[in-house]
1. Between GLN86 and residues 5 or more places away or on another chain, which pairs have amide H atoms under 5 Å apart, with H built 1.01 Å from N, and which residues are they?
2. As an exercise, identify the GluC sites (Glu not before Pro) in the stretch 1-95 lying in DSSP coil whose Cβ has no more than 15 other Cβ atoms within 10 Å.
3. What 222 nm value per residue comes from the helices of the chain, counting each DSSP H run with n ≥ 4 as -39,500 (n - 2.57) and dividing by all residues, nearest 500 deg cm²/dmol?
4. Name the residues whose placed amide hydrogens come within less than 5 Å of the amide hydrogen of CYS164, ignoring near sequence neighbours (fewer than 5 apart) on the same chain.
5. With the Cα gyration tensor of the stretch 103-178 giving a ≥ b ≥ c as the square roots of its eigenvalues, does the rule (a/c under 1.5 for rounded; else a/b larger than b/c for prolate; else oblate) give rounded, prolate or oblate?
6. Answer rounded, prolate or oblate for the stretch 51-121, using the Cα gyration tensor with square roots of eigenvalues a ≥ b ≥ c: rounded when a/c is under 1.5, else prolate when a/b is larger than b/c, else oblate.
7. Could you run the Karplus curve 6.51 cos²θ - 1.76 cosθ + 1.60 with θ = phi - 60° over the stretch 130-147 and give me ³J(HN,Hα) per residue in whole Hz, x for Gly and Pro?
8. Just to confirm the number: angle between the C-alpha axis of helix 30-41 and the first principal axis of the chain, 0 to 90 degrees, nearest 10?
Amino acid sequence: LQEAEALGFAAVVIPKELETEMPAIKVKNARIAFAVLLGLFHPIHLPKPGIHPSAQVSPSAQIASTAYVAPFAIIGDKVVIGENSQIRAHVSIGDNSSIGANTRLMPGVTVGNNVKVGSQSLVGPLTIIGDDSTLGQDIEIGARCFIGKRAQIQDGVRIDNLACLDEGAKIAPLAIII
């Protein structure tokens with residue numbers, strides 16, 4: 001609290017048992033309360049649905065009306081993109097691939113041919129997903145990862161930045177790869 005006072009903080013979030021002269025929000029768990037407050041003060045920016053004019057989209061692709069396709073994205077033949085999904089700038093999605101609802105592919109992601117990415121997933125920037133791979137629902141993949149061909153990643157998996165999964169890798173549900 002002394003450091004907060006010295007730095008001129010207008011208020012602090014503190015555990016109930018602490019005392020201070022500063023304006024304070026007293027809570028049971030300060031870390032959780034602070035995380036909730038951050039979300040209120042800096043909400044996630046959701047782009048308006050639609051396809052940017054500079055994106056290259058195959059006429060045979062099926063893109064949900066609520067999805068967003070950013071500038072310079074490339075969407076291959078017979079690709080399906082689900083409701084509320086976000087395909088960010090410079091993403092490339094190969095032929096016959098599908099992206100589930102509420103999934104975000106961050107800038108520079110490359111998705112091979114015949115790939116299935118489940119709903120509620122996040123693929124970090126510059127990640128490469130090889131051909132014929134299947135990713136379950138609620139997957140989080142960090143930045144600059146490599147997922148080899150024919151990988152099978154089950155629901156709820158978390159993969160840290162810079163991870164490399166070999167061709168044919170099989171990852172069990174809820175696994176965490178660091």
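The values are calculated or read from the model by the stated rules, or taken from the named source; none is laboratory data. The shown structure was predicted, so the numbers you read here are calculated from the model rather than taken from an experiment. Cβ sites come from the backbone with ideal geometry, for glycine too, and all protein chains shown count toward neighbours. The area values use the complete protein model at the heavy-atom level, side chains included, leaving out ligands, DNA and RNA. Shrake-Rupley method; radii C 1.70, N 1.55, O 1.52, S 1.80 Å.
1. It is TYR68, THR103, ARG104, LEU105, by chain and number.
2. Details: sites: GLU3, GLU5, GLU17, GLU19, GLU21, GLU83; in loops: GLU17, GLU19, GLU21, GLU83.
When the GluC sites (Glu not before Pro) of the stretch 1-95 are filtered for loop state and at most 15 Cβ neighbours within 10 Å, GLU17, GLU19, GLU21, GLU83 remain.
3. Working: 2 runs with 17 residues, N = 178.
Result for the chain, helices only: -2500 deg cm²/dmol.
4. Under 5 Å from the amide H of CYS164: PHE146.
5. Values: a/c = 1.15, a/b = 1.04, b/c = 1.11.
Taking the square roots of the gyration eigenvalues as a ≥ b ≥ c, the stretch 103-178 is rounded.
6. Values: a/c = 1.22, a/b = 1.08, b/c = 1.13.
Cα axes put the stretch 51-121 in the rounded bin.
7. Result, rounded to whole Hz: x, 3, 6, 8, 10, 10, x, 8, 6, 9, 10, 10, x, 7, 6, 8, 10, 10.
8. That works out to roughly 60 degrees.
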